[in-house]
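To start, the structure itself, in structure tokens.
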Amino acid sequence: MANVAEAARGLLNAWRSRPAADWLVTAVVLGGHGLLVGLTGRGDIFGAPGREQRLEIYTTGATVVALVGSFVTAAIAQYASATGRRMRVLRTAPQLASQFRRNWVSVLSATLLISAVCLLAIALDTTEKDSGGVHWAVEGALVLGAARAYRLLWLFNSVIQATDRDLADGSQPAP
């Protein structure tokens with residue numbers, strides 16, 4: 001059982017260090033769902049509703065992602081302003097600092113991309129049944145958003161843990 005947990009931890013760490021892997025996850029999930037819909041004719045979550053409901057989904061998606069974008073900027077501000085030994089290591093250790101920067105940029109760029117896809121879908125989805133497949137682009141963008149949201153939580157948690165530990169170190173009485 002320890003080997004399984006260790007393998008899962010290793011896979012998760014490898015995924016965290018490669019934000020581009022989110023695109024693969026998105027392609028697999030979207031492709032799998034598309035195949036399922038194609039084979040069964042059921043389960044097209046965003047394609048089943050009428051145009052008005054799809055437009056509401058697109059608008060809500062763009063709004064939620066814009067709100068998440070504000071959390072991203074708050075997290076980056078927290079990361080940039082935090083001080084202490086552990087935060088210095090997070091920002092300066094060659095491998096770790098590079099990994100953190102790639103993750104911050106991937107999360108921030110995804111919020112922009114997802115918002116753009118949702119807003120563009122509003123303009124492109126013009127028929128009662130989305131025969132052009134615009135809803136699939138939105139579904140893919142939202143799957144990417146889910147993967148990047150996990151990244152954001154991991155980044156936030158890492159910064160909070162490092163900051164808290166640095167703060168705890170600073171409050172220890174001198175021997």
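The values are calculated or read from the model by the stated rules, or taken from the named source; none is laboratory data. All values reported here derive from a predicted model rather than from experimental measurement. Because the Cβ atoms are built from the backbone with ideal geometry, glycine has one as well, and the counts that use them run over all protein chains shown. Each accessible area value is taken on the protein alone, full model and side chains, heavy atoms only, with ligands, DNA and RNA left out. Shrake-Rupley method; radii C 1.70, N 1.55, O 1.52, S 1.80 Å.
Hey, can you tell me all the residues within the stretch 13-47 that are aromatic (Phe, Trp, Tyr), modelled with pLDDT of 90 or more and open to solvent by 40 Å² or more (accessible area, probe 1.4 Å)?
Selection gives TRP23 alone.
Could you tell me how many of the residues in the stretch 120-164 are among the aromatic types (Phe, Trp, Tyr) and not in a helix (DSSP H, G or I)?
Total satisfying the criteria: 0.
From VAL89, VAL117, grab the single residue that is β-branched (Val, Ile, Thr), closer than 23 Å to ARG18 by Cβ and either over 21 Å from the mean Cα position of the chain (by Cα) or exposed (fewer than 12 other Cβ atoms within 10 Å of the Cβ) (or both).
Being β-branched (Val, Ile, Thr), closer than 23 Å to ARG18 by Cβ and either over 21 Å from the mean Cα position of the chain (by Cα) or exposed (fewer than 12 other Cβ atoms within 10 Å of the Cβ) (or both) holds for just one of VAL89, VAL117, which is VAL89.
Within the stretch 92-109, which residues are open to solvent by less than 20 Å² (accessible area, probe 1.4 Å) and either at pLDDT 95 or above or among the polar types (S, T, N, Q) (or both)?
Of everything in the stretch 92-109, those that are open to solvent by less than 20 Å² (accessible area, probe 1.4 Å) and either at pLDDT 95 or above or among the polar types (S, T, N, Q) (or both) turn out to be ASN103, SER106.
Before we move on, is THR73 over 30 Å from GLU52 (Cβ atoms), open to solvent by 60 Å² or more (accessible area, probe 1.4 Å) and not acidic (Asp, Glu)?
It is true that THR73 is over 30 Å from GLU52 (Cβ atoms), open to solvent by 60 Å² or more (accessible area, probe 1.4 Å) and not acidic (Asp, Glu).
Tell me, please, whether a residue that is among the basic types (Lys, Arg) and under 25 Å from VAL72 (Cα atoms) can be found in the stretch 138-153.
Checking the stretch 138-153: at least one residue is among the basic types (Lys, Arg) and under 25 Å from VAL72 (Cα atoms).
Does ALA82 satisfy the criteria of being under 30 Å from GLY132 (Cβ atoms) and either modelled with pLDDT under 90 or among the aliphatic types (A, V, I, L, M) (or both)?
Answer is no for this residue.
Go through the stretch 131-148 and give me each residue that's within 16 Å of ALA48 (Cβ to Cβ) and crowded, with 19+ Cβ neighbours inside 10 Å.
VAL134, HIS135, VAL138, GLU139, LEU142
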